[in-house]
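Derivation of every value follows stated rules applied to the coordinates shown; laboratory data play no part. Note that the structure is predicted; figures quoted are calculated from it, not measured. Here the Cβ is made from the backbone with ideal geometry for all residues, glycine too, and neighbour counts use every protein chain on show.
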Amino acid sequence: MWWPSVSAFLEKLRLPTKVQVALPPAFAAYESSRSYEKAFAVDHAGHFGVAFGQRNKVSAGQAALKNCEQTETTCVVYAIDNELAPVDGK
């Protein structure tokens, strides 16, 4: 009900109105998992790596990157626990 008016407003401001990142279907399973500490890493081609049950968030991010980069691509951490990962350490 409310989306058409919000979408029109965003388009006038030239802001995105659609999903900008296509995540692999495996992200839904990651997101619903209650196994903390967890992380999800992805590359531009859709390869991904996950880590569950790590000692802390840093370890989870490192493990997810390592799992993703087994495909010899450059990956970034997309999510840690149930939050988007900081961009450029911010």
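Considering only residues that are loosely packed, with under 12 Cβ neighbours inside 10 Å and of a type outside the set (Gly, Ala, Ser), which ones fall in the range 40-73?
His44, Arg55, Asn56, Gln70, Glu72
For Ala28, work out the one condition from (1) loosely packed, with under 12 Cβ neighbours inside 10 Å; (2) under 20 Å from Val87 (Cβ atoms); (3) under 14 Å from the mean Cα position of the chain (by Cα); (4) not β-branched (Val, Ile, Thr) it doesn't fulfil.
All conditions pass for Ala28, except number (2).
Do any strands (runs of 3 or more DSSP E) lying entirely in the chain carry at least 3 residues that are aliphatic (A, V, I, L, M) and touching a strand residue (DSSP E or B) at 6+ places or on another chain (Cβ under 6 Å), and which ones are they?
Strands (runs of 3 or more DSSP E) meeting the threshold: 39-42, 76-80.
Can you name the residue in the range 1-21 that is more than 23 Å from Phe52 (Cβ to Cβ) and aliphatic (A, V, I, L, M) and is also surrounded by the fewest Cβ atoms within 10 Å (Cβ to Cβ) among such residues?
Met1
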